[in-house]
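S.K.: Got a structure here, written out as structure tokens. Questions coming.
The values are calculated or read from the model by the stated rules, or taken from the named source; none is laboratory data. Note that the structure is a prediction, hence the values are computed from the model and not measured. Don't worry about glycine lacking a Cβ; one is built from the backbone with ideal geometry, like all the others, and counts go over all protein chains shown. These area figures cover heavy atoms from the full protein model, side chains too; ligands, DNA and RNA do not enter into them. Shrake-Rupley method; radii C 1.70, N 1.55, O 1.52, S 1.80 Å.
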Amino acid sequence: MSSIVLSVVVPMYNEEAVIPALVERLRPALDQLAVGYEVVAVDDGSADRTAQLLFEHGRTWPELRLVKLRHNSGHQAALTAGLQRSRGDWVVSIDADLQDPPETIAEMLRAAREQGLDVVYGVRSDRSTDSFFKRNTAGAYYRLMRRMVGADVPSQAGDFRLLSREVVDVLKALPERTPVYRLLVPSLGFSSGTVPYARERRAAGETKYPLRKMVALAWDSAANFSAAPLRVATWLGAFAFVACLALMIFGVVVWANGTVIPGWTSLFIAVLLLSAVQLICLGLLGEYVARIYKTVQDRPTFHIGFDSASQETTIPQQRSAATAR
Ligand code: UDP
Ligand code: MG
């Protein structure tokens with residue numbers, strides 16, 4: 001057993017505004033646990049003073065560890081970096097903006113230890129502080145994902161969760177390129193429980209999840225767990241084929257009756273429709289081919305430039321499945 005019982009992974013992208021409030025609340029919450037812990041703050045290539053502030057706070061808070069990625073690699077990649085570097089027997093991931101209350105970590109740890117669980121999800125019991133748009137898009141996302149992945153994805157469980165070392169080791173060994181942990185973790189089938197919490201307001205700064213990143217996460221989620229989008233192509237093709245068959249019969253009947261219509265509009269529509277369907281199918285194929293290509297290339301999806309725990313400025317990423325990503 002290592003002396004570090006708990007690792008708290010906090011991905012951060014341009015979060016300088018929230019760091020003082022985060023330190024002020026996270027530190028007492030963790031000190032109270034009375035176990036050895038480390039905070040793995042992953043700076044996801046921020047353009048602001050995030051890394052500097054973390055480094056400065058680290059002088060007075062020795063448990064605060066800074067892992068700096070060389071460029072913005074995205075929330076899930078930052079989580080991966082944090083999981084890889086974490087050393088605790090338990091690993092909690094939590095957002096930097098204090099939307100997930102740090103005090104809940106104690107409950108999670110207690111639930112895991114008392115009930116012998118490997119995974120404890122923080123489940124948002126109250127999202128009233130989230131925007132109308134966020135609540136509704138999130139609702140649709142979880143409904144869709146439960147259908148695609150299976151019923152065991154807890155709804156309203158984001159990336160605030162506790163994992164045992166065993167789960168982290170399994171995750172590290174997976175050859176996944178674009179992991180979506182909120183789906184990947186349930187799919188592993190470890191014993192799990194939930195702890196409800198009220199989603200708070202972002203303590204400071206702006207959301208780092210613009211629509212573009214939300215769409216990217218939704219697409220990664222869908223494509224990681226399902227070939228259903230590819231089947232959409234098949235269905236579109238089948239539908240177009242039946243429609244064309246009907247049109248052909250119609251054409252022959254009209255020709256046999258001798259009333260040949262000028263036909264520009266119907267031709268125009270048929271050509272447009274069919275080329276649209278073909279382009280959609282090609283695009284879908286392309287998306288999956290791109291994923292295969294990325295997997296074959298096997299490039300790390302992030303580069304760690306600095307880790308205050310190892311004091312090396314450059315830590316080369318290895319390519320093996322166990323350590324890459
Ligand atoms: N984040 C990150 N990299 C990114 C985007 C976000 O590490 O490219 C972090 C961000 O700093 C925060 C967490 O992911 O700690 C969740 O982001 P945010 O709170 O902005 O998302 P929201 O709560 O609005 O969905
Ligand atoms: Mg947030």
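S.K.: Taking the conditions exactly as written (surrounded by fewer than 21 Cβ atoms within 10 Å (Cβ to Cβ) and closer than 21 Å to residue 208 by Cβ), does residue 17 satisfy them or not?
M.R.: yes
S.K.: For region 162-216, give me each residue that is within 16 Å of ligand 1 (Cβ to nearest atom) and among the charged types (D, E, K, R).
M.R.: Listed by number, the residues that qualify are 182, 199, 200, 201, 202, 206, 208, 212, 213.
S.K.: Now, a different point. Please note which helices (runs of 4 or more DSSP H) are completely contained in region 4-102 and include at least 3 residues that are in contact with a Pro (Cβ under 7 Å, 6 or more places away or on another chain).
M.R.: Numbers: elements: 19-31, 50-60, 75-85.
Those helices (runs of 4 or more DSSP H) span 19-31, 75-85.
S.K.: Scan region 238-252 and tell me whether some residue there is more than 24 Å from residue 145 (Cα to Cα), exposed (fewer than 13 other Cβ atoms within 10 Å of the Cβ), within 16 Å of ligand 1 (Cβ to nearest atom) and without any contact (Cβ under 8 Å) to a residue 24 or more places away in the chain.
M.R.: No, region 238-252 contains no residue that is more than 24 Å from residue 145 (Cα to Cα), exposed (fewer than 13 other Cβ atoms within 10 Å of the Cβ), within 16 Å of ligand 1 (Cβ to nearest atom) and without any contact (Cβ under 8 Å) to a residue 24 or more places away in the chain.
S.K.: In addition: Anything in region 109-141 that is under 16 Å from residue 185 (Cα atoms) and either of a type in the set (Gly, Ala, Ser) or modelled with pLDDT under 85 (or both)? List them, or say none. Before you say what the answer is, go through the steps one by one.
M.R.: The initial filter retains those residues of region 109-141 that are under 16 Å from residue 185 (Cα atoms), namely 112, 117-123.
112, 122, listed by residue number.
S.K.: Sticking with this one: I'd like the full set of residues that are buried (at least 17 other Cβ atoms within 10 Å of the Cβ) and either within 17 Å of residue 94 (Cα to Cα) or touching a residue at least 60 places away in the same chain (Cβ under 8 Å) (or both), limited to region 127-147.
M.R.: 130, 141, 145
S.K.: Sticking with this one: Restricting to region 272-294, count the residues that are over 15 Å from residue 223 (Cβ atoms) and exposed (fewer than 13 other Cβ atoms within 10 Å of the Cβ).
M.R.: Matching residues across region 272-294 total 5.
S.K.: Looking at region 90-106, which of the residues that are among the charged types (D, E, K, R) and either touching a Leu at 6+ places or on another chain (Cβ under 8 Å) or within 8 Å of ligand 1 (Cβ to nearest atom) (or both) is nearest to residue 23 (Cα to Cα)?
M.R.: 97
S.K.: So, residue 3, is that one over 25 Å from residue 217 (Cα atoms), open to solvent by 30 Å² or more (accessible area, probe 1.4 Å) and polar (S, T, N, Q) or not?
M.R.: Yes: the conditions hold for residue 3.
S.K.: For region 67-79, how many residues are open to solvent by 10 Å² or more (accessible area, probe 1.4 Å) and either polar (S, T, N, Q) or under 20 Å from residue 30 (Cα atoms) (or both)?
M.R.: Counting residues in region 67-79 that are open to solvent by 10 Å² or more (accessible area, probe 1.4 Å) and either polar (S, T, N, Q) or under 20 Å from residue 30 (Cα atoms) (or both) gives 3.
S.K.: Out of 177, 199, I need the residue that is closer than 23 Å to residue 98 by Cβ, surrounded by 18 or more Cβ atoms within 10 Å (Cβ to Cβ) and at pLDDT below 90. Which one?
M.R.: Testing whether each residue is closer than 23 Å to residue 98 by Cβ, surrounded by 18 or more Cβ atoms within 10 Å (Cβ to Cβ) and at pLDDT below 90 leaves just 199.
Table: residues versus (1) among the polar types (S, T, N, Q); (2) away from ligand 2 (no atom under 16 Å from the Cβ); (3) assigned to a loop (DSSP other than H, G, I, E, B).
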{"position": "170", "(1), (2), (3)": "no, yes, no"}
{"position": "176", "(1), (2), (3)": "no, yes, yes"}
{"position": "203", "(1), (2), (3)": "no, no, yes"}
{"position": "209", "(1), (2), (3)": "no, no, yes"}
{"position": "219", "(1), (2), (3)": "no, yes, no"}
{"position": "224", "(1), (2), (3)": "yes, yes, no"}
{"position": "246", "(1), (2), (3)": "no, yes, no"}
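S.K.: Within region 180-196, track down each residue that is over 18 Å from the mean Cα position of the chain (by Cα) and either within 16 Å of ligand 2 (Cβ to nearest atom) or buried (at least 16 other Cβ atoms within 10 Å of the Cβ) (or both).
M.R.: Within region 180-196, 192, 193, 194, 195 qualify.
S.K.: Restricting attention to region 20-44, which residues are in contact with a strand residue (DSSP E or B) (Cβ under 9 Å, 6 or more places away or on another chain), small (Gly, Ala, Ser) and open to solvent by less than 20 Å² (accessible area, probe 1.4 Å)?
M.R.: Passing the criteria: only 41.
S.K.: Between a residue in region 192-211 that is farther than 19 Å from residue 75 by Cα and any residue that is loosely packed, with under 13 Cβ neighbours inside 10 Å, which pairs come within a Cβ distance under 7 Å, given they are 6 or more apart or on different chains?
M.R.: Here the result reads 193/115; 196/125; 197/125; 198/125; 198/126, each pair linking region 192-211 to a residue that is loosely packed, with under 13 Cβ neighbours inside 10 Å.
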